[in-house]
Number of protein chains: 4
Amino acid sequence: MQSVTERLRKFRDDRDWSQFHTPKDLALSISVEASELLEIFQWKPESTPVDEEMKRAIEDEVADIFSYLLLFCDKTDINLVEVTNKKIDANQQRFPADASRGIAKPRKEV
Amino acid sequence: MQSVTERLRKFRDDRDWSQFHTPKDLALSISVEASELLEIFQWKPESTPVDEEMKRAIEDEVADIFSYLLLFCDKTDINLVEVTNKKIDANQQRFPADASRGIAKPRKEV
Amino acid sequence: MQSVTERLRKFRDDRDWSQFHTPKDLALSISVEASELLEIFQWKPESTPVDEEMKRAIEDEVADIFSYLLLFCDKTDINLVEVTNKKIDANQQRFPADASRGIAKPRKEV
Amino acid sequence: MQSVTERLRKFRDDRDWSQFHTPKDLALSISVEASELLEIFQWKPESTPVDEEMKRAIEDEVADIFSYLLLFCDKTDINLVEVTNKKIDANQQRFPADASRGIAKPRKEV
């Protein structure tokens, strides 16, 4: 993951794009790409299997989301793996396994 | 990153939540969380510095986006780092450094 | 509809909020509210009927989306009904009824 | 506005598309179109004036958002103007003009 961030940073700097990458615009970009991923599933029943054509389109969007997410974290000085681990810790408290089992949106404890 | 995926998988399975995690609903969840990240910047000028309170809120949302992104890739059998590296390769062709320098949205070559 | 726009304008100006309402931030706000509407359907099968509790939450979000949409059009000097009628005209050309019948995403003619 | 809804309904039924229009997929579609509107402002400073080319792209997306919003309300039996007026009433209570003046995100009273 570290080497991906480094490639993205070099890609950005070779094009002098850092000037456009405000945290706000990077957050906007993550949201726009996430929406493009979602669009692939528009009008498709949840049970639709992911075929090869969908898979390629999905991979493309997933890569865009991850790229902007890494660039956002680079810009705001966030350690993505660390904050995610912390959030999993917190969620283990908020959603005790027994009380949450099989419930799509359990009421939050906090 | 692999160990985060494993923790998320265990968290999900301990609660029997895999049944809700269709690719479509995971894509929807990435989009919803990306939007919550974006909301932090609502009505704020791009130049607003990220203060400590914003930082904590941002870390929380970034962790949610990454969690759903990893769960999505786990479900659809996608290697996130691999597809992102492939996309960077492709973008290097599409946006030659010299022709794209300092241009926010260069016209795509392909 | 005109009277809703007038109420929103007065509401905004009574609070001196027009200064925050750049077209970009209003577009961001429409997107954020649309995402909150979508969140109501998260983890719910498409066939789930809309019950009274969902209905109230939905009405709330739909009102927010429409409010920001009207404020956006007010700011950018767009006649919402007019541009929508024009778009329906265009879509009638792009998606001829016979060729599009029962196909969720017909290939666009243009 | 009523006549736009009627045109959209006819457009939908002439193509037998009602079968795809679950409330969830219509909410998803509003969100996807809102994101396409937002994308027009990506990497652009908030102060960027809306030129003619942007204006045409914006009109196109605004029409799509409104179309799906009307189809969503038609499907879920919501009176868009009525719920928006009710929301403005509520917001007048939640955000008293004096306490909210010039504050982008006033703390909610409720």
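Please verify whether residue A:47 is out of contact with any Phe, Trp or Tyr (no Cβ under 8 Å at 6 or more places or on another chain), over 30 Å from residue A:22 (Cβ atoms) and hydroxyl-bearing (Ser, Thr, Tyr), treating the condition exactly as stated.
Numbers: out of contact with any Phe, Trp or Tyr (no Cβ under 8 Å at 6 or more places or on another chain): yes; over 30 Å from residue A:22 (Cβ atoms): yes; hydroxyl-bearing (Ser, Thr, Tyr): yes.
When the stated conditions are applied, residue A:47 passes them.
Within segment B:71-106, track down each residue that is without any contact (Cβ under 8 Å) to a residue 12 or more places away in the chain and among the basic types (Lys, Arg).
The answer is B:86, B:87, B:101, B:105.
Within segment B:32-47, identify whether any single residue is hydroxyl-bearing (Ser, Thr, Tyr), more than 28 Å from residue A:102 (Cα to Cα) and modelled with pLDDT under 95, and answer yes or no.
Step one: of segment B:32-47, the residues hydroxyl-bearing (Ser, Thr, Tyr) are B:35, B:47.
Restricting the remaining residues to those that are more than 28 Å from residue A:102 (Cα to Cα) gives B:47.
Next, only the ones that are modelled with pLDDT under 95 stay: B:47.
Scanning segment B:32-47, I find at least one residue that is hydroxyl-bearing (Ser, Thr, Tyr), more than 28 Å from residue A:102 (Cα to Cα) and modelled with pLDDT under 95, so the answer is yes.
Taking helices (runs of 4 or more DSSP H) that fall entirely within chain C, which contain at least 1 residues that are within 14 Å of chain B (Cβ to nearest Cβ), surrounded by 18 or more Cβ atoms within 10 Å (Cβ to Cβ) and of a type in the set (A, V, I, L, M, F, W, C)? Quick ask: steps written out before the conclusion?
Details: elements: C:2-14, C:23-39, C:52-76, C:80-94, C:97-100.
Hits in chain C: C:23-39, C:52-76.
The values are calculated or read from the model by the stated rules, or taken from the named source; none is laboratory data. Quantities reported herein were computed from a predicted structural model and do not represent experimental measurements. Virtual Cβ from ideal backbone geometry, glycine too; neighbours counted across all protein chains shown.
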